[in-house]
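To start, the structure itself, in structure tokens.
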Amino acid sequence: MELLTKSRPLFITFEGGEGVGKSTQIRVFREFLEKSGLQVVMTREPGGCDNALALRKMLVEGDADRWDGLSETLLYSAARNEHLREVIRPELKNGRWIICDRFADSTHVYQGEGRGMPYDVLEYVSNIVVKDTWPDLTFVLDMPTEDGLYRARGRQENMFENRFETIEDSFHERVRQGFLKIAKKNPQRCRVIDANGTIEEVHERVKNALFQYLQEKAA
């Protein structure tokens, strides 16, 4: 626990495909950090501020083919720019930890692996928007694609925000593999978390991965 309280404020993201339990784990993780005495901001993408929320509605609602890969990339990046400008960078500067549901990795995966956008284009746009504000630590929640989709398609609370859930299963398998590729390519930042099991079991895996990361940084 001392490692946690002595750490500088971290920017932590949760990534993964549909239905892997990101929202639940982020909520539980925030409670854990706050009980440890840390100041925490919980946010999500697209969203986090008024301008980004206006774009969120266009991106997560409607028909699956409403936008092509390039339009999605630009819209998500515009929302991310506002989110960074209005929330993430100021809150980090003020000494608060940021935990975010999705970030630039999702654009690389959904629009790259999923929609077929060229990687160099995605990298170029990310470098313009994100600059040096990449997450310190990313948890990639992983489970078999069919299990995540079964969960996601059975939810009622976000029944209007289901644009991506309606896309064919092969798209989502490419998404899953894309996240695993990013994790393999960025082992210092990314930790793959088995998302199967109870909420408590997955949370323990997340906590263990966090402390492993802090120990590595302190070594």
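Binning at 10 Å from 0, report for the chain what percent of all alpha-carbon pair distances ends up in each bin.
8, 35, 39, 17, 2
Per-residue ellipticity at 222 nm for the chain, helices alone: DSSP H runs ≥ 4 residues times -39500 (n - 2.57), over residue total, nearest 500 deg cm²/dmol?
-15500 deg cm²/dmol
Which is the longest part of the chain that has none of the GluC sites (Glu not before Pro) sitting in a DSSP loop with at most 15 other Cβ atoms within 10 Å?
62-156
Over the chain, with a Gaussian network built from C-alpha contacts below 10 Å, which listed residue (Thr73, Thr24, Thr43) shows the highest mean-square fluctuation?
Thr24
Output the relative contact order of the chain, whole-number percent, from Cα pairs under 8 angstrom with separation of 6+ residues.
With pairs under 8 Å counted, the relative contact order is 32 percent.
Given H placed on each backbone N at 1.01 Å, which residues far from Arg44 in sequence or on other chains put an amide H within less than 5 Å of it?
Asp101
May I ask you to compute the full-extension gain from Leu3 to Ser71, defined as 0.36 nm times their residue separation minus their alpha-carbon distance, rounded to one decimal in nm?
Working: separation 68, 0.36 × 68 = 24.48 nm, distance 4.23 nm.
Additional length available on full extension: 20.3 nm.
Residues with amide H under 5 Å of Ile193's amide H, sequence separation 5 or more or different chain, H placed in the peptide plane at 1.01 Å from N; which?
Val140, Leu141, Asp142
Where a number appears in this text, it was derived from the coordinates with a stated rule and is not lab data. Computed from a predicted model, the values in this text were never measured in an experiment. Ideal geometry is used to build each Cβ from the backbone, glycine not excepted, and the neighbour counts take in all protein chains shown.
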